[in-house]
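The values are calculated or read from the model by the stated rules, or taken from the named source; none is laboratory data. Since the structure is predicted, the reported quantities are computational estimates derived from the model, not experimental observations. Note that each Cβ is placed from the backbone with ideal geometry, even for glycine, and that neighbours are counted across all protein chains shown.
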């Protein structure tokens, strides 16, 4: 094996060193033979070998340059021909091929600079130099210079040059056919035949003879395969001719050498879309746009591919960029609006609809947009849109019915809606759904005689008689005419005894007559026939609740829902029943994970799920859900207000204010948002801004009892007692609420006198039932003037509110001050168990232990209290006193040295304890 390897290496080395190889002359000779045999690749190899051996040989380079030109490699041809010219090749021989090579290589400036007008050239070349100069000027955008040269060449004695020039002079006059006919005289042996062929292809394009143009371009590409522009044109025409595989073949060649070419990527996207390769179509379209080909067509193509791939947000982005051009594509225009609605861009959808020519079939888009506008509080915009649609529609029965049903959802349009429905029904009496909608609105407006007229139409037809009887019976029930309803329902039962609506109404009649047993029997019969009939489930729950026994119906409802897990409305109804029954865990189990796509959840789903978590005190989970809902639809008013209120509840007023202000930009006059704004500003201690916000409320709301009390409290926080008292008293005069009375009493106590405070609160309590918090406050006031009475009040509060640590602690303190430490201890212990980290409670318990001579236990409590509020002088004194009781004089002295206070009572007690330390 080793010997064989050595032998092979020796042979290779000999070959590399040229042993036995051809010399340059032989390579050149063989190359010429290959050229004659049209074996151009072999000829290139031979010529390169010859040049490698003799790099300064101009003849070899000249031959290679002409060969490159012949095979379409213009850049390499120009390079070799320039070297040949520099090497001494005759000007007559090299000038023309070098001109063509530079032109095909796109080196137009070189052609103009290389041959100045005063250059001495043989007459046989001069016209060709000028011809390529004219072509170069044209490529560089100097049409005027180009036409001037062509005009000079139009009389050339060279027929081919003259014909080519004359044809170019006809192009600005749009005489494309005449120009094309002139070019027919230029034969294949002319030096500029290939340029003629390319010009003919472009003229055929101008004449919209795409098939012939395609053939001409493909013929040209056989001669000049590296001409990217021509290949791109060929691909474009083939796409236009819907010859997609042929177009793709040309594009594959282009993208292999120029993968970033924008127009080629666009055409590749077209062919990929036609082949239903949407991923490739999107990638090519995105690249075309990214590289600068941002035409409406490219955007639309990218949008279509994105839609096919389910990428709706990206589709919307592309369509938005092409918005001004969508009018030419009605289907895409409507798709654009639908996507805008999906992305909650309602205002954009409305503008788009207003700008387009609407037809009857656009009712769904109009309805979706108008209803969203109404939800956002922009009723005026909804009316404008509906008005535009109404002016564009045909006036046919179905269109009028759809319009009427839409108007029913727009505030202020109800009467117009009824008119549209009536017109629709007069045009087509057989539209039962329209009749039902109209009947519902008559019932809503208590136009019972009109309901009876509508129902009569159904009574005259056996197929709809049951519906007519049911409608008239329901109308009678609303008028509390139970006997008439019973008679009508009996007739309804004769036409269809098991009709669900008939049974439901019969059960309702039984409820009216307080025959709950019969109502339950009828309802049970109905549910056996239609277990998931939602009105029957709701009725069954109401009947069960009346009997204080909802267990059975809730179990039935849950089983029904389990049998139909995909019935979303049934799931919501059952969840609502559990919510009414206070079973929050069951609500969460039903709604937490279904549907998995949260964007499909209705508002009722979100509100029930959030409320259930709040009721279970899972406020963090409620906030998470609320945030998800809000982020899913930032424009939804209900989602935003619930989220903002939960943020306030979780002490995040800054984010709450941001959410509120975003909604206020849409609904500047909404009272609910204004009140939430006030709460957020108060939490941020921006009291002045909160008062300003209250001032922006409608006068009737601004000056009601609640908001006057709120204003008074905010003014107090601003340390403005006089205007605060004025606002509070105005509120109290309207509504003498305990909370307002307590704040007023506290204000009197701090700013005027305890006596005035006590008088006010006692007068209030004589006329109104006091709340427990008011009683507590009253007792606090009495601690100084009437501690026994205060003690009596707290004794009552501590007994009735055994879980209220404030009441327990205050009562313990009063007992302690009444020299009843043993009694105080039991209440102090209870308070500590309820609020183990409250420093006031800890201090009360410590003081009680100290009075019971349990110094060490008291010290522990005071140390704990000081960790929570280390600067409290009163606690420091209690701690020092306990230390003295325990005989720890030095430690007590250290504590007393830390006491700093200007309070007279604190200073007096400090002096007393320091004296004990000194003894």
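A few points about this structure:
- Test result for residue 167, in a helix (DSSP H, G or I), modelled with pLDDT under 90 and closer than 21 Å to residue 128 by Cα: yes
- Per-region count, segment 886-903, residues farther than 18 Å from residue 857 by Cα and surrounded by fewer than 16 Cβ atoms within 10 Å (Cβ to Cβ): 7
- Among (1) closer than 14 Å to residue 713 by Cα; (2) surrounded by fewer than 19 Cβ atoms within 10 Å (Cβ to Cβ) - the single one residue 735 does not satisfy: (1)
- Residues being part of a helix (DSSP H, G or I), within 33 Å of the chain's Cα centre (by Cα) and over 24 Å from residue 745 (Cβ atoms) - total across segment 693-717: 1
- Checked against the criterion of being under 20 Å from the mean Cα position of the chain (by Cα) and outside any helix (DSSP H, G or I), segment 636-652 has at least one qualifying residue.
- Flag for residue 184 being surrounded by fewer than 16 Cβ atoms within 10 Å (Cβ to Cβ) and either in contact with a strand residue (DSSP E or B) (Cβ under 9 Å, 6 or more places away or on another chain) or more than 15 Å from residue 95 (Cβ to Cβ) (or both): yes
- Number of positions in segment 747-763 that are surrounded by fewer than 17 Cβ atoms within 10 Å (Cβ to Cβ) and part of a helix (DSSP H, G or I): 8
Let's see how each residue does on (1) surrounded by 16 or more Cβ atoms within 10 Å (Cβ to Cβ); (2) outside the structural domain of residue 204 (by TED's automatic domain parsing); (3) modelled with pLDDT of 90 or more; (4) within 21 Å of residue 106 (Cβ to Cβ):
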| position | (1), (2), (3), (4) |
| --- | --- |
| 117 | no, no, no, no |
| 140 | no, no, no, yes |
| 150 | yes, no, no, yes |
| 153 | yes, no, no, no |
| 157 | no, no, no, no |
| 179 | yes, no, no, no |
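- In segment 547-567, the residues that are more than 38 Å from the chain's Cα centre (by Cα) and surrounded by 14 or more Cβ atoms within 10 Å (Cβ to Cβ): 550, 553, 556
- Qualifying residue in segment 249-266 (condition: more than 27 Å from residue 310 (Cβ to Cβ), over 39 Å from the mean Cα position of the chain (by Cα), assigned to a helix (DSSP H, G or I) and in contact (Cβ under 8 Å) with a residue 60 or more places away in the chain): no
- Cβ-Cβ under 7 Å pairs, at least 6 apart or on other chains, segment 620-644 side free of Cβ contacts under 8 Å to residues at least 12 places away in the same chain, far side buried (at least 17 other Cβ atoms within 10 Å of the Cβ) and in a helix (DSSP H, G or I): 621/613
- Filter pass, residue 480 being in a helix (DSSP H, G or I) and free of Cβ contacts under 8 Å to residues at least 40 places away in the same chain: no
- Residue 826 in a helix (DSSP H, G or I), surrounded by fewer than 19 Cβ atoms within 10 Å (Cβ to Cβ) and free of Cβ contacts under 8 Å to residues at least 60 places away in the same chain: yes
- Tallying residues that are modelled with pLDDT of 85 or more, surrounded by fewer than 17 Cβ atoms within 10 Å (Cβ to Cβ) and in a loop (DSSP other than H, G, I, E, B) within segment 844-874 yields 2.
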